[in-house]
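Beneath this line is the structure, given in structure tokens, with notes to follow.
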Number of protein chains: 2
Amino acid sequence: MRMKHALIPTLREVPGEAKVDSHRLMLKAGLARQLAAGVYTLLPLGLKALRNVQSIIREEMDAIGAQEMLMPALHPAELWQQSGRWEQYGPELMRLTDRNGSSFALGATHEEVVTSLIANEIKSYRKLPVTVYQLQTKFRDERRPRFGVLRSREFVMKDAYSFDTTWEGLDETYARMYDAYTAIFNRCGLTFRAVEADPGTIGGTDTHEFMALCAIGEDTIVSCTSCGYAANIEKAEVSPSKSIAVSTSGAVPKLLEKMHTPDVRTIEQLTRFFDCSADRIVKAVAYRVDDRVVLALVRGDYAINELKLKHALKGSDAAMLEEDEIAEAFGCKPGFIGPFGVPGVTVVADRSIRGIRDGAAGANEQDFHWTGLDAERDLPGVPFFDLRNMTESDPCPKCGEPVRFTEGIEVGHVFKLGTKYSDALNAACLTEQGSLAPIIMGCYGIGVTRTVAAIIEQHHDEHGIIWPLEAAPYFIHLICVSMNDEVQRETAEALYASLRAKGCEVLYDDRDERPGVKFKDADLLGMPVRITVGKKAAEGAVECSTRAERVHTDVPLQELDAYLSAIMKRNDSHIRTDSL
Amino acid sequence: MRMKHALIPTLREVPGEAKVDSHRLMLKAGLARQLAAGVYTLLPLGLKALRNVQSIIREEMDAIGAQEMLMPALHPAELWQQSGRWEQYGPELMRLTDRNGSSFALGATHEEVVTSLIANEIKSYRKLPVTVYQLQTKFRDERRPRFGVLRSREFVMKDAYSFDTTWEGLDETYARMYDAYTAIFNRCGLTFRAVEADPGTIGGTDTHEFMALCAIGEDTIVSCTSCGYAANIEKAEVSPSKSIAVSTSGAVPKLLEKMHTPDVRTIEQLTRFFDCSADRIVKAVAYRVDDRVVLALVRGDYAINELKLKHALKGSDAAMLEEDEIAEAFGCKPGFIGPFGVPGVTVVADRSIRGIRDGAAGANEQDFHWTGLDAERDLPGVPFFDLRNMTESDPCPKCGEPVRFTEGIEVGHVFKLGTKYSDALNAACLTEQGSLAPIIMGCYGIGVTRTVAAIIEQHHDEHGIIWPLEAAPYFIHLICVSMNDEVQRETAEALYASLRAKGCEVLYDDRDERPGVKFKDADLLGMPVRITVGKKAAEGAVECSTRAERVHTDVPLQELDAYLSAIMKRNDSHIRTDSL
């Protein structure tokens, strides 16, 4: 591609809303542009990277016998009603009405559609197992789209669905898919970890997330320092034994007493005011879960896990109340809300609350708190659940040894669905024994657009992107230092033609720009190899460097092929071993 | 691909709603399944054909320097309001509201999105010309989805947009695109014709449709038998001179007279009742155009052209009234409606009406018509337009010679947009002279899903599909006649492996089915070459045939490569010359 008329709008300044490196770099290097909150256009370079990732996925999916197809984005509401998810999925599911008044969902995922298809087309075990997949655009109305394409509302996903006759068959399919995902993310150059995950509204049992390790706070991974346990903090179970951490302050039981606590609203302020540790404060957080106002209680030193809260209440959507909504429901500011005297509010508590004696809690009155709270005595009707996030001082729920936290981005997800959807949508087939049995399903997703961002998140430096070989939009960035110098221009043009004839993907900077601008852009765009045609062209040599090392070497033109194949070989071995 | 577990659900019986061959065959050969009216899943074979067409398009687009990108399907309403099309586009544009109450359109086309992008990114003539394209899913809420994927509500489209600084530049880009389209449809094996077309709500001036010639009544092409004129009947202009075909019945002027015409409702019945020719009947058709009830008048022997009617009234949507709506607006059944005494109804007339003397028209009273109608005298306030379809007896609007009608399906469309969108969305750039000027645009679409259907429409026989080489999901259909015969099975397996190793796309029928079933399916699925491993395998020979000729030849295994390359070469030359 000649850069002169290429739509690669690099930026010197990046809008302030770009908070993470991949978002900044995708804007800066001209890979993507925002159209609306969480809705992005992929520009030519961004799309090329996406298509490279898609090719890797296709190859690995085809290799395990999965068959590509393409399902629609418009889903009749009836199908989602049949599975129960029309209600359950909540506002993340975008909905619309057609000109005849029929309701549709915009596909956020395709279990319903694919299951009803298979229910119609496959009637006998002899046609199974079958795994199908698609590379298709998904729509999810995220409450807080952020980090550029990492959490967006419209994105390309690879979703696969497997159909087996036996549970053992599903186990085998799941294992093959797990291995294919490992191969895919390795080829993408990602450092990642497969962890236990929450099944969410998809349903099902066994499920793993593939997490690209990046410290951007999108997801936290809990891993055991001793056994193999690794889980998304969303799902990591807190051991019940540890959560009843009794913190009594003495033997004499205290009585509830209302205290004037002017302007004391944060946990920190409360511990100072009462001169106690945070584990004696009842932290109260107000949510709307579907249509209910919910007050979730957790010990002052812990944090509520929204997903656990949602599951505990069997809700489909949980959102923290805004200050004005709190004022309406509780009659005071957020810092003073608490469990007593709030009719119409559902109160639930994390198990960490159980151990509290002589605790403090908001009084639902401006500038007042209760003290002397005894959780067992004073919260008789309140149900206890595991509602909090694990902390690094909690033990591993499997073996009790210490855990370690890492941050990551979910790039893939594999699920054993079982018969949830085949039951709901009547996908049954004749078994070898002649009876009808529900088909046993799995589903397997990769966030393709997000994978591109994760690659950038892991592969960049202060100068720009450092594309791994297989994802790189172009293998070579060819620079002609001075287009006005006849020798340089002719050498560059000849190189451009000959490299392309050999099947090389080349981005050719043929612009009339200063060399400094060209070099800066080459670093920013991050193609694996840079070939610079400069003054040495007169002696039949060019300057070569890899983006990763940025060490420049003069290479005689007749040795260029050897230089390039050496890099490809090196990258190849790098891919296969380094990130395993 | 092994057929045993392939998702190729061929059918023996096809649902009755499939009225055209491509729809029937796409269902029968297991290429597609309907999910909702006008919404289809492409199954593996259907998607493979689609992806082949996409590859052809990519190659030809890249060859003319167009750059691929990917724009979203979710379009903020504001953009469409800015161009005026939020109102104009009518109910075909699907709309939805997100969780925050913001309105979005589902992309039916991308002029607004791409123009606003370019307006932001390109400020100087030095970055132009630029042409971008995408292969993306479009949503259009067709009033009458039909013919399977030929007229559907969600489909894959290639849309390209060009940005030039001068009108001459646009002409050049347009010509290059026109040539690329010609190359694309040739490679797809289509017989087609480029014709003048209606710009519709896209706007713009110069525009051509690429019509795949198929007699399914989707579109009618008018072509001149003498000059080069060819146009979609939607847009073909009726020469005014011809439309004032005076058909007086004598010199004495008749007066309007109301006649009792019991049960006389069709044009044919009226001509019999009044013993006159159809050109003396005022045919009245009631429409709703946006919010107005409109009565369109045309001579009894002609037909109203809805698109011309819509344009004449500057409307965005026109639909014929249903019988109950007619009863409400006109107080009678459809056969008796007419131009007099209907307050609140907009009456417009085709120019063919002008010549009518002593005509008949409905009286807006059950079982009554007027006679003695003189159009000039009795319809003083009614505006005249070109509202009717051309007929084969009308002359060419360019040269006056006779025309010929052909039927076709629109597979591509090229437009010179000019500055319609750059004006509306402020896409201006600095010219060489230092002033600001609106960018000059073109837009260019290919219905990719529809092209697959058009290919099948043109390439099939009574046995099934006959895929042209470049679109074929697989090049070879390999049949092992008896999987229980060890020699046959081993020969077939070895062939499958070696052909794939050579890069051949092979569909391998390894099922335990009767040979008759396998042969029937091979004919139905229509891959270009069939290789049958049967009894001759013991002598080292297989039976080969092409789907087009269905003549079977024994080919020794060692000569198979030569046989296959001969077919590829033949097909190659076929593509390049035959359909030009």
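Here are the numbers for this structure:
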read-out	value
Among (1) crowded, with 18+ Cβ neighbours inside 10 Å; (2) facing chain B (nearest Cβ under 8 Å); (3) out of contact with any Ser or Thr (no Cβ under 9 Å at 6 or more places or on another chain) - the single one A:SER102 does not satisfy	(1)
Tally of residues being of a type in the set (D, E, K, R) and assigned to a strand (DSSP E or B) across the range A:426-472	1
Elements of type strands (runs of 3 or more DSSP E) in the range B:473-580, at least 1 residues being farther than 24 Å from B:LEU11 by Cβ	B:529-533, B:541-546, B:553-556
Among the residues listed as A:LEU79, A:LEU25, A:LEU106, the single one being at pLDDT 95 or above, in contact with a His (Cβ under 7 Å, 6 or more places away or on another chain) and of a type outside the set (Gly, Ala, Ser)	A:LEU25
Qualifying residue in the range B:351-358 (condition: in a strand (DSSP E or B) and crowded, with 19+ Cβ neighbours inside 10 Å)	no
All positions within the range A:365-416 that are under 22 Å from A:LEU309 (Cβ atoms), in a loop (DSSP other than H, G, I, E, B) and over 37 Å from the mean Cα position of the chain (by Cα)	A:LEU379, A:PRO380, A:GLY381
Residue, surrounded by the most Cβ atoms within 10 Å (Cβ to Cβ), within the range B:86-98, restricted to residues that are more than 13 Å from chain A (Cβ to nearest Cβ) and touching a residue at least 40 places away in the same chain (Cβ under 8 Å)	B:GLN88
Check on A:SER83, polar (S, T, N, Q) and either free of Cβ contacts under 8 Å to residues at least 60 places away in the same chain or in the same structural domain as A:LEU524 (by TED's automatic domain parsing) (or both)	no
Every residue from the range B:524-551 that is among the acidic types (Asp, Glu) and buried (at least 18 other Cβ atoms within 10 Å of the Cβ)	B:GLU543
Conditions (1) crowded, with 17+ Cβ neighbours inside 10 Å; (2) touching a Pro at 6+ places or on another chain (Cβ under 7 Å): number failed by B:PRO76	(2)
Qualifying positions in the range A:511-523 - of a type outside the set (Asp, Glu) and either touching a Ser or Thr at 6+ places or on another chain (Cβ under 7 Å) or surrounded by 14 or more Cβ atoms within 10 Å (Cβ to Cβ) (or both)	A:ARG511, A:PRO515, A:LYS518, A:PHE519, A:LYS520, A:ALA522
Selected residue [among the small types (Gly, Ala, Ser), surrounded by fewer than 20 Cβ atoms within 10 Å (Cβ to Cβ) and touching a residue at least 60 places away in the same chain (Cβ under 8 Å)] from A:GLY408, A:GLY344, A:GLY372	A:GLY372
Condition check for B:ALA49: small (Gly, Ala, Ser) and farther than 30 Å from A:ARG144 by Cα	yes
Tabulated pairs, the range A:513-542, first touching a residue at least 12 places away in the same chain (Cβ under 8 Å) and within 15 Å of A:TYR474 (Cα to Cα), second of a type in the set (Asp, Glu) and in a helix (DSSP H, G or I), C-beta under 8 angstrom, 6+ apart or interchain	none
Given (1) more than 7 Å from chain B (Cβ to nearest Cβ); (2) farther than 23 Å from A:ILE216 by Cβ; (3) crowded, with 22+ Cβ neighbours inside 10 Å, index of the condition A:VAL113 fails	(1)
Residue that is within 11 Å of chain B (Cβ to nearest Cβ) and either under 30 Å from A:ASP179 (Cβ atoms) or under 23 Å from the mean Cα position of the chain (by Cα) (or both), where the choices are A:ARG33, A:ARG2	A:ARG33
Scope the range A:138-147; condition touching a residue at least 60 places away in the same chain (Cβ under 8 Å) and touching an Asp or Glu at 6+ places or on another chain (Cβ under 6 Å); matching residues	A:PHE139
Which listed residue, of B:ARG143, B:ARG153, is among the basic types (Lys, Arg), at pLDDT below 95, within 26 Å of B:ARG450 (Cα to Cα) and within 21 Å of the chain's Cα centre (by Cα)	B:ARG143
Number of the exception - A:TYR40 against (1) at the interface with chain B (Cβ under 10 Å from one of its Cβ atoms); (2) surrounded by fewer than 20 Cβ atoms within 10 Å (Cβ to Cβ)	(2)
Residue count, the range A:56-67 (criterion: within 12 Å of chain B (Cβ to nearest Cβ) and not hydrophobic (A, V, I, L, M, F, W, C))	4
Criterion (within 9 Å of chain A (Cβ to nearest Cβ) and under 26 Å from B:HIS5 (Cα atoms)) met by exactly one of B:LEU70, B:LEU79, B:LEU50, B:LEU74	B:LEU50
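The values are calculated or read from the model by the stated rules, or taken from the named source; none is laboratory data. It should be emphasised that the depicted structure is a prediction, and the values quoted were computed from it without experimental measurement. Using ideal geometry, Cβ is built from the backbone for each residue, glycine included, and neighbour counts are taken over all protein chains shown.
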